[in-house]
1. Please state the relative contact order of the chain as a whole percent: Cα pairs under 8 Å, 6+ residues apart?
2. Highest mean first, how do 231-238, 59-66 rank when packing is the count of other Cβ atoms within 10 Å averaged over residues?
3. Students often check this: by mean Cβ neighbours within 10 Å, which of 152-160, 335-343 ranks highest, and how do the rest follow?
4. Answer rounded, prolate or oblate for the range 637-735, using the Cα gyration tensor with square roots of eigenvalues a ≥ b ≥ c: rounded when a/c is under 1.5, else prolate when a/b is larger than b/c, else oblate.
5. Short version: ³J(HN,Hα) in whole Hz for each residue of the range 658-672, in order, from phi by Karplus 6.51 cos²θ - 1.76 cosθ + 1.60 (θ = phi - 60°), x for Gly and Pro, what are they?
6. Shape verdict for the range 281-392, please, from the Cα gyration tensor: rounded (a/c under 1.5), prolate (a/b greater than b/c) or oblate.
7. Ranked highest first by average number of other Cβ atoms within 10 Å, how do 749-758, 618-627, 362-371 line up?
8. Quick one: work out the % antiparallel among DSSP beta bridges in the chain, nearest 5.
Amino acid sequence: MPPVTPLLSGVVLLSPYRVLDLTDHRGQLAGSLLAWLGADVICIEPPDGSAARRIGPFHDDISLSWWAANRGKRSAVVDTNSEAFRRLVQGADVLIDTGPHRSNGPAGPTLDPAALAPPALAPATLAELNPALVHVTVSPFGSDGPKADWPASDLTVMAAGCQLALTGDSDRAPVRTSIPQAWLHAGAEAACGALLALVERSRSGQGQHVDISAQVAAMMAAVPATVYGPNGDPDVQRVGGGLRAGTWELQFVYPAKDGWVSIMHAFGSTIGPYTARLMDWAREQGHADDDLAGTDWINYGSDLVTGKVSVQHLGRAKAAVAALTATKTKAELFAEAERREILLAPVVDIPELMESDQLAARGYWDEVDDPDLGRVRCPGAPARIAGITLGPLGPAPRLGQHTADILAEPPRQPAVEAPPTPAPAGAAADSTPPLSGVKVVDLTWVYAGPLATRVLADFGATVVKVESASHPDATRGGGPFLHGDLGPEGSGQYAHFNAGKLGLSLNMGTPVAAEVLTDLVRWADIVIESYTPGVMAGWGFDHAKLLEINPEVIALSTCLMGQTGPRATFSGFGNLAGAVTGFYEVTGWPDRAPAGPFLAYTDYISPRYMLAVLLAALDRRRRGGGGMSIDLAQAECSLHFLAPAVVDYTTTGRVARRAGNADSAWAPHGVYPSDGPDEWVAIACETDGHWEALSEVLSRPDLAGLTLDERLERSDDLDGMISAWTRLLSPDDAHTWLTSRGIPAHAVQNSIRCVGDPQLLSRGHYLRVPHPVHESCVIEGPRARLSRTPGVVLRAGPTLGEHAQLVLQELLGYDDDRTSDLVLAGALE
């Protein structure tokens, strides 16, 4: 990566800011991400420590999940009702909490019955103490709505958020990832919400409340399936290691001699050529006939829909690929796939992950010396910024380790350049979006990049989406298909991912297109691209050139494995990155092939890290830091969602494996059948109180005294009792009955259930917006809810080149003659 403007003296991205972290396990990733970006993050803990310190896995008495999420923070034991805490709040920039541990039943809160949020943490109280404070609250369902008081767990949040319904084998219950994920999605969303509010505060001087619903955050991991039912298409169905759309199934996980591999075995203009090469290989090895190898894989999807090819033909293709892969090891398959340019990756476990030549070549892993754990190998920086070092972060703090030092510090003021100016009496409140005036050139495609830039557009940035008719965004070929339109303007997922953006079709195969892109770079604050490394350089627009054109531009490149290293040019989608980073190995049933999280899992994690880094870079540039060159590998930032398993392995040698819905620390813990076809309810007993309440519901008070160890030992027996009860009820009746008694439970919701969910309806999550061809469509709204300056979505994604005149003439100042010349030269397709 090229050098950039030298560092500001003593300023590394977020170093001016102080964050008070009062979260438990449900939000601590937020502070972790802000700490990586340079903020001073202080864990405010009660005398017995955060409840997160009591969640496994453990090494001796040390919580490794706590350790992984709290590296680089400081710990202070402070009473939230004390004057000392008030002083800390008055000097803080951000405060993050996980809200009241509310429960309206006898079982009590999920983890800590004594840890009720005190009145001192009420948003109004905090705002009165510090009008510049950005106060972020992470809770299961958000701060208001009919489910705001519901008890919840990782399992039940994923059930509520659509993702669980999509993961697992069709003949079994939906299945979770064994390393809890829901609160990580919520924490990453919280960090982004805090940064959006800080950017807005730089203009107004005022803080605000940021409300994060873990349910809504987790729904990111289910796109585009979240918008199928709302737009009139059948719900996407789960298939272990693949997905079902209509009457046909895609298979992504295939056997190898020594395990499993993931293959993007699909079709369309983008993926079809890769599949053609795969089928040629199968034919060479004697597993496919000429008919299969000669299939038109580019138009195969429409051929399936119209009946031109049969579902049986697809089945023959999958059988041929399985026969091929079963004859070779993972390493053999991976090496040959790279040579042939086939979308294939090995399914790795944590020990194999630690031996990755790509991660080693990039120096990814941190080696941290901890006074109790010794030398710990753990995930490193989530992004690389030329001229700026992120981390390495030190070990997690011991309880109260920094209390004396923090309380002895002189009074601090929030890092606000100017105090807020009160509005004149009777004047309307200023609701200028946080990113108003920010200009973005969006050269990303498919999922990860567009999902990040969609948030920039939601919160006021002018985002110009650049693609071309010859190389359109691949999501234009994906469902749901609005009104049955299989063409490039009928894709509901494209409409969702690119809502609010301006569309410019630019053919980079023409010389004059480079002139337009040069002017766009000169205009922009941010240029973000997600092509295979080398594509931008081939056009003459590597980062060095971008910064030469515009020394103030923030240039971010994102791909699966990063811009350097032996696997840098490994191309593919998030399902392949999910396999090669370990997520597949910990998702599914132990007696079956890995199911993998739904679809392109790292594409759902990495947008939060892209957004956080871009917002932090904007903040630093505002303070005189100049342009920046950023390399963000999806694999590297996503590994922070597996950090507890990595640290567990490097400190104890234990290897996390897929375990269905069982949990080693909580029981009963599972997904149980309800009345109706493929209807399920998730139930998690995380305390003895939860189990006591559930035993009463089951009319088995004689079992109320079972200890956790006894419940784990009798898990099959208890699961049978619960299933016999849940089968008699609808999922909604079951979760209403259970949550009213304080037991974490939720129906497993697909997109049709989600669009009718009273909680999501109450919070206005689904939006019907104008569509340029199909009048309107339904998309998801912004996931972070800012109290003063919320995100706004006014339209669906653009048609190809829809806003060419606006972009060229209004934004770049071209006249009619210049525009006409571009048309004649074929630059605008």
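1. Dividing the mean separation by the residue count of the chain yields 20 percent.
2. Details: 231-238: 20.0, 59-66: 18.5.
So the order, starting with the most tightly packed, is 231-238, 59-66.
3. Numbers: 152-160: 29.9, 335-343: 16.4.
Answer by packing, highest mean first, reads 152-160, 335-343.
4. On the way: a/c = 2.72, a/b = 1.59, b/c = 1.71.
The shape class here is oblate.
5. These are the phi-based 3J(HN,Hα) values: 5, 9, x, 9, 6, 9, 6, 10, 9, 7, x, 7, x, 10, 10 Hz.
6. Verdict is prolate for the range 281-392.
7. On the way: 749-758: 21.1, 618-627: 18.4, 362-371: 15.8.
Descending mean neighbour count gives 749-758, 618-627, 362-371.
8. Percent antiparallel among DSSP bridges in the chain is about 50.
The values are calculated or read from the model by the stated rules, or taken from the named source; none is laboratory data. Remember, it's a predicted structure, so these values are computed and weren't measured experimentally. Note: ideal-geometry Cβ built from the backbone for every residue, glycine included; neighbour counts use all protein chains shown. Accessible surface is based on the protein model in full, side chains and every heavy atom, while ligands, DNA and RNA are left aside. Shrake-Rupley method; radii C 1.70, N 1.55, O 1.52, S 1.80 Å.
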